[in-house]
Amino acid sequence: MHAVRLPRINTAAPVLYIPTGSLIHRLPAGVKLTGLIAFLVLAAIFAKTLEAGAGCVVAAVIAYALARIPWRTAVRQLTPVLIILLAFGALTWWRSGLDEALVRFLVLWASVSVAIMLTMTTKVSDLQRAVERALAPAAAVGLPVDKISLAISLTIHMIPLQLRTINEVVEAQQARGGKFSARALGIPLVIRTLLRGREVGEALQARGVGD
């Protein structure tokens, strides 16, 4: 089997919060988080056809338009997702057929796109407070609500940074004339992810979080 060359991806700084002042930006963080969860659940349960999958993508596009996210920024953030999901779709095509692969590709792309949009329209602090309010009743039984809310907020906001890491790994391999393989992508990705996790952990500990 011939090795496949790594695709060239333009790398740009990771984008987190983009203050466009749109209607979606002005929505409470809790409403947006609830909407994201509802979208993910409904898409996973009911999007079983190509029409439904395409509808999920259309809904995501409309959400980006309402949020007034610059289209160049959106494309830059979603390109790594597209490349990863294309590989996943090829595997699904081989195992389950073209129709199933297309449906899963569309649903997953729409779902990840909406999750990324949440990071562009919601500040980490606002999202953390929304999660804390939602979990407030559990604090009565000793659940560490503040730490859980921080973990959820950081997880969501790390999505663009993780995509940035994938960009960097792929671009580095391309610059060296490397060939695509699971090891060529996976090992550097895991190492960089662990290093970033350590940096975040040390930063939180320095601020008295996570003791």
- Message: Tell me whether region 72-84 contains one or more residues that are at pLDDT below 90 and under 30 Å from Leu135 (Cβ atoms).
- Response: yes
- Message: What's the number of the only condition in (1) within 30 Å of Leu135 (Cα to Cα); (2) open to solvent by 70 Å² or more (accessible area, probe 1.4 Å); (3) at pLDDT below 90 that Ile116 fails to meet?
- Response: (2)
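Pull up region 12-64, narrow it to residues that are among the charged types (D, E, K, R) and in contact with a helix residue (DSSP H, G or I) (Cβ under 7 Å, 6 or more places away or on another chain), then point me to the one that is surrounded by the fewest Cβ atoms within 10 Å (Cβ to Cβ).
So the first thing to find is which residues in region 12-64 are among the charged types (D, E, K, R), and the list is 26, 32, 48, 51.
Okay, now just the ones that are also in contact with a helix residue (DSSP H, G or I) (Cβ under 7 Å, 6 or more places away or on another chain), so 32, 48.
Working: Lys32: 22, Lys48: 13.
Here the residue is Lys48.
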- Of Ala38, Ala43, the only residue that is farther than 21 Å from Val131 by Cβ and small (Gly, Ala, Ser) is Ala43
- Note on the structure: Reported set for region 71-82 where residues are surrounded by 14 or more Cβ atoms within 10 Å (Cβ to Cβ) and either within 12 Å of Met117 (Cα to Cα) or out of contact with any helix residue (DSSP H, G or I) (no Cβ under 8 Å at 6 or more places or on another chain) (or both) is Thr73, Ala74, Arg76, Gln77, Leu78, Thr79
- Query: Any chance region 85-94 includes a residue that's in a helix (DSSP H, G or I), open to solvent by 30 Å² or more (accessible area, probe 1.4 Å) and of a type outside the set (A, V, I, L, M, F, W, C)?
  - Reply: no
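Could you list, in sequence order, the residues of region 69-84 that are part of a helix (DSSP H, G or I) and closer than 30 Å to Gly21 by Cα?
Of all residues in region 69-84, those part of a helix (DSSP H, G or I) come to 71-84.
Correct list: Trp71, Arg72, Thr73, Ala74, Val75, Arg76, Gln77, Leu78, Thr79, Pro80, Val81, Leu82.
The values are calculated or read from the model by the stated rules, or taken from the named source; none is laboratory data. Predicted, not measured: the structure shown is a model, and the values here were computed from it. Cβ sites come from the backbone with ideal geometry, for glycine too, and all protein chains shown count toward neighbours. The area values use the complete protein model at the heavy-atom level, side chains included, leaving out ligands, DNA and RNA. Shrake-Rupley method; radii C 1.70, N 1.55, O 1.52, S 1.80 Å.
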